[in-house]
Each structure stands twice: as structure tokens, then as C-alpha cells.
Amino acid sequence: MKAFDKPALSTAEQVDLLLSRGMQVVQPQRAAKVLQHINYYRLRAYWLSFEVHSQTERNHLFANGTDFDLVVAIYNFDRELRLLVLDAVERFEISLRTRLSNELTLRYGPFAHEDGSRFTRQAVWQTGLDELRREYKRSRETFAEHYRTEYPHHMGFPEHWQTLSVWQENETT
């Protein structure tokens, strides 16, 4: 078993390590600043494809022409693409939840989610209801605190369209 013997490196030392392995770094000070904000090992995932390996050992040397700025550009492209995809998924999710909530409440009333007879998988419904109850109790959103103050006699939680907001709020925290 191999003993761990890697020392912690400053960002300037990380840049020196990249240079010693053959990466082109035009502006070492700028690269060190980048590494202060983007972890070395996060960026490493983006330069792995530029590493060349010998048959006998993994030496982390870079192919000729591997450029730090290109690696950062690939990282930024991936980040921006991920944000665009997440934005689209969020919009779709919110729309779907809203449509489902509207349909459920228009057909069965504002507290339809509390009536398990409308759901075929009782265990799944009960687990979801229990989780929703916990999330609602811990919510500090204005609407949740207002509802608890205005309707203290209602021991469950608010109507379905508001509980939908509890789920959305807590998924982002």
C-alpha cells in the first residue's frame, strides 16, 4: 500500500507544478488567481484529456500545446452550459408542478394532497406527506409564517398551491 506523501501547495506552487508538467501558462500570476477561486482538482477534470501517459507510469505530463487558458475556457463553457440546462429544467419543473397543482386542486379542492384515497401508492403518498409536513414546519418563508399565524387551528399545512412553494423553497436551500 502506497503512503500518502503529497504536500499542500500554494496556488503559485500549483502553477509551477503545471508548468513543470508541460502546461503552457502565459500569465502565471493570473493562473494563480484563477486557482484561488477554482479548485485545482475541479480544473483537473478539464485537463485530464490533455495528459499523456507512458506505458509504465502515470506521470501527469501534458501533451504539447496544452494551454491553461484553454482549460479554463472549457471549464467556463461547461459551467455556462450547465447553468442553461438547469435553468431550462427548473422552468419545466415549475410549470409541470403548477399545472399538476392546478388540476388537482380544481378537481378535488385545496387540500386534496392530504387525502390519501386519491393516490394509488399509499406508502409513497404517506412518505411525501410526512416530508412535506416537516418542510412546512421548518419553513421561514413569509407565506408559511403568515398561514401558521392566521390559521393556527389548521393542524396540517396550507392548501396545495402553497405547499408547492414549500417544496420549491427548500429544494434551493
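Each row is one residue, and each column tells you yes or no for (1) surrounded by 14 or more Cβ atoms within 10 Å (Cβ to Cβ); (2) in contact with a strand residue (DSSP E or B) (Cβ under 9 Å, 6 or more places away or on another chain); (3) not acidic (Asp, Glu).
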site	(1), (2), (3)
Phe62	yes, yes, yes
Thr66	yes, yes, yes
Asp78	no, no, no
Leu86	no, no, yes
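Report whether or not Asn102 is under 20 Å from the mean Cα position of the chain (by Cα), in a helix (DSSP H, G or I), surrounded by 11 or more Cβ atoms within 10 Å (Cβ to Cβ) and not hydroxyl-bearing (Ser, Thr, Tyr).
no
Residues are listed down the side, and each one gets a yes or a no for (1) in contact with a Ser or Thr (Cβ under 8 Å, 6 or more places away or on another chain); (2) outside the structural domain of Trp161 (by TED's automatic domain parsing):
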residue: Val26; (1), (2): no, yes
residue: Ala32; (1), (2): yes, yes
residue: Tyr41; (1), (2): no, yes
residue: Leu48; (1), (2): no, yes
residue: Leu96; (1), (2): no, no
residue: Ser101; (1), (2): no, no
residue: Ser117; (1), (2): no, no
residue: Thr120; (1), (2): no, no
residue: Asp130; (1), (2): no, no
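Tally the residues that are of a type in the set (S, T, N, Q) and either surrounded by 15 or more Cβ atoms within 10 Å (Cβ to Cβ) or outside the structural domain of Arg42 (by TED's automatic domain parsing) (or both), restricting the search to segment 11-23.
Number of matching residues: 2.
Taking the residues in segment 116-159 that are outside any helix (DSSP H, G or I) and either in contact with a Gly (Cβ under 6 Å, 6 or more places away or on another chain) or modelled with pLDDT of 90 or more (or both) as candidates, determine which candidate is farthest from Thr105 (Cα to Cα).
Arg121
When you scan segment 68-90, do you find a residue that is in a loop (DSSP other than H, G, I, E, B) and over 30 Å from Leu164 (Cβ atoms), even just one?
No; the residues of segment 68-90 include none that is in a loop (DSSP other than H, G, I, E, B) and over 30 Å from Leu164 (Cβ atoms).
Taking Thr11 and the conditions (1) under 19 Å from Gly65 (Cβ atoms); (2) touching a Leu at 6+ places or on another chain (Cβ under 9 Å), which numbered condition does it fall short on, given that it satisfies the others?
That leaves (1) as the condition not met.
The values are calculated or read from the model by the stated rules, or taken from the named source; none is laboratory data. Here the structure is a predicted model, which means the values were calculated and not measured. Neighbour counts are summed over all protein chains in view; Cβ atoms, including those assigned to glycine, are modelled from backbone coordinates with ideal geometry.
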